[in-house]
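Student: After the structure tokens below, expect a handful of questions from me.
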Amino acid sequence: MRVVLSIAGSDSSAGAGIQADLKAITANGAYAATVITAVTAQNTLGVQGAWPLTLDAVQEQMDSVFDDLDVAGVKTGMLGGSGMIELVARELQSRRPPFVVVDPVMISKTGFALLAEDAASTLRDRLLPLASVITPNVHEAEALTGLSIRTIGDAQQAGEMLVEGGASAALVKGGHLEGAPATDVLVTTDSTDVFRGEWIDQRHTHGTGCTYASAIAARLAQGEALLEAIGNAKEYVTEAIRGGIDIGQGVGPTDHFWMTRHD
């Protein structure tokens, strides 16, 4: 079984972050290992607080995983600040895992900042060149490129800028593109591909970005080509959204194991 390492923050409600990554990687056929970068207090109503772990604690976790397990792919999520990004980038440069999926987590659905304002440039400079694919949503792509993204053409332009910045590929997730909801745009150095999906009127979508990126990482680690991995991961996350779980008083999580409850 291929090992995929998630480097991200913990979500106490288990809908996003490390907990979502664990579920999505497992559901997509790989073994999930983790390095926790931060602890958050959050639930379906929002994020109430976030506390980064020390760099030493993160370094020790990374050493423990890489020194023992044969890591076939890495997915990064919430990193919090420039120091953490520098540490993770340095370690990935040294360890050279076959695939790195970068989910540039910046802000929660309810508006809680999960990346320091001054850290976006560090992410662009240090982590972007290590990305096999970066998976920003529209708002994250706007923050990383300075563009206003409304259409598929805008998303393609943003993807091109991210690839020019060093990423091998950029998947701009267009959940709310004008005239093209649930449409994602993949840009590589060679081509542009559009993944059109089904728009599902579903309230419970907590953790969709983490889930999607983790599913892609799991499938890349198992040998799928990038287009195949994204297509299969998109089908998976679409069904996870369709089966959104109504728990709590706010936005519930997606159903990572929907396949166990469907014929």
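Student: Within 16 Å of residue 210 (Cα to Cα) and among the aliphatic types (A, V, I, L, M): is that true of residue 78 in this structure?
Tutor: Spelling it out, residue 78 is indeed within 16 Å of residue 210 (Cα to Cα) and among the aliphatic types (A, V, I, L, M).
Student: Looking at (1) in a loop (DSSP other than H, G, I, E, B); (2) open to solvent by 40 Å² or more (accessible area, probe 1.4 Å), can you tell me which one residue 104 breaks?
Tutor: All conditions are met except number (2).
Student: Identify, from the list 198, 178, the residue that is touching a Lys or Arg at 6+ places or on another chain (Cβ under 8 Å), open to solvent by 40 Å² or more (accessible area, probe 1.4 Å) and acidic (Asp, Glu). Walk me through it before giving the result.
Tutor: Values: 198 fails: touching a Lys or Arg at 6+ places or on another chain (Cβ under 8 Å).
Being touching a Lys or Arg at 6+ places or on another chain (Cβ under 8 Å), open to solvent by 40 Å² or more (accessible area, probe 1.4 Å) and acidic (Asp, Glu) holds for just one of 198, 178, which is 178.
Student: In the set 122, 135, which member is open to solvent by less than 70 Å² (accessible area, probe 1.4 Å) and touching a Lys or Arg at 6+ places or on another chain (Cβ under 7 Å)?
Tutor: Numbers: 122 fails: touching a Lys or Arg at 6+ places or on another chain (Cβ under 7 Å).
Just a single option satisfies the conditions, and that option is 135.
Student: Scan region 45-68 for residues that are of a type outside the set (Phe, Trp, Tyr), modelled with pLDDT of 95 or more and open to solvent by less than 50 Å² (accessible area, probe 1.4 Å) and jot them down.
Tutor: 57, 58, 59, 61, 62, 63, 65, listed by residue number.
Student: If you don't mind, another one. Identify the single condition in (1) without any contact (Cβ under 8 Å) to a residue 40 or more places away in the chain; (2) open to solvent by 10 Å² or more (accessible area, probe 1.4 Å); (3) under 27 Å from residue 69 (Cα atoms) that residue 191 does not satisfy, given that it satisfies every other one.
Tutor: Failed condition: (3).
Student: For a quick check of your reading of the model, give me the residue pairs whose first member lies in region 108-133 and is free of Cβ contacts under 8 Å to residues at least 40 places away in the same chain, whose second is open to solvent by less than 60 Å² (accessible area, probe 1.4 Å) and among the hydroxyl-bearing types (Ser, Thr, Tyr), with beta-carbon atoms closer than 8 Å and at least 6 apart or on different chains.
Tutor: Going by the 8 Å Cβ cut-off, the qualifying pairs are 116/82; 118/82.
Student: Against the conditions (1) open to solvent by 60 Å² or more (accessible area, probe 1.4 Å); (2) outside any loop (DSSP other than H, G, I, E, B), where does residue 91 fall short? Just the number, please.
Tutor: (1)
Student: Name the residue that is modelled with the lowest pLDDT, counting only residues in region 107-118 that are in a loop (DSSP other than H, G, I, E, B) and either among the hydroxyl-bearing types (Ser, Thr, Tyr) or surrounded by 14 or more Cβ atoms within 10 Å (Cβ to Cβ) (or both).
Tutor: In the first step, residues of region 107-118 are kept if they are in a loop (DSSP other than H, G, I, E, B); the result is 108-112, 114, 116.
Restricting the remaining residues to those that are either among the hydroxyl-bearing types (Ser, Thr, Tyr) or surrounded by 14 or more Cβ atoms within 10 Å (Cβ to Cβ) (or both) gives 108-110, 112, 114, 116.
On the way: 108: 74, 109: 72, 110: 67, 112: 73, 114: 80, 116: 78.
Taking the candidates together, the pick is 110.
Student: Among the residues of region 210-228, are any open to solvent by less than 30 Å² (accessible area, probe 1.4 Å) and of a type in the set (S, T, N, Q)? It would help to see each step written out before you state the result.
Tutor: So in region 210-228, the residues open to solvent by less than 30 Å² (accessible area, probe 1.4 Å) come out as 210-218, 220-221.
Filter once more, so that each one left must be of a type in the set (S, T, N, Q): 211, 214.
The answer is yes; a qualifying residue exists.
Student: Among the residues of region 156-167, is any buried (at least 20 other Cβ atoms within 10 Å of the Cβ) and under 21 Å from residue 17 (Cα atoms)?
Tutor: no
Student: To continue, here is another question. List pairs: first residue in region 206-227 and at positive phi, second residue in a helix (DSSP H, G or I) anywhere in the structure, Cβ distance under 8 angstrom, at least six positions apart or on different chains.
Tutor: Within 8 Å, the pairs are 207/17; 207/20.
Student: Only one residue in 76, 34 is open to solvent by 40 Å² or more (accessible area, probe 1.4 Å), at pLDDT 95 or above and not hydrophobic (A, V, I, L, M, F, W, C), so which one is that? Give the steps one after another, and end with the answer.
Tutor: Details: 76 fails: open to solvent by 40 Å² or more (accessible area, probe 1.4 Å).
Matching residue, one of 76, 34: 34.
Student: If residue 65 satisfies every condition in (1) under 15 Å from residue 217 (Cβ atoms); (2) free of Cβ contacts under 8 Å to residues at least 40 places away in the same chain; (3) not in a strand (DSSP E or B) but one, which is the exception?
Tutor: (2)
The values are calculated or read from the model by the stated rules, or taken from the named source; none is laboratory data. As the structure is a computational prediction, the values presented were derived from the model and not from experiment. For neighbour counting, all protein chains shown are included, and Cβ atoms are generated from backbone atoms with ideal geometry for every residue, glycine included. For the accessible areas, the whole protein counts, side chains as well, though only heavy atoms, and no ligand, DNA or RNA atoms are used. Shrake-Rupley method; radii C 1.70, N 1.55, O 1.52, S 1.80 Å.
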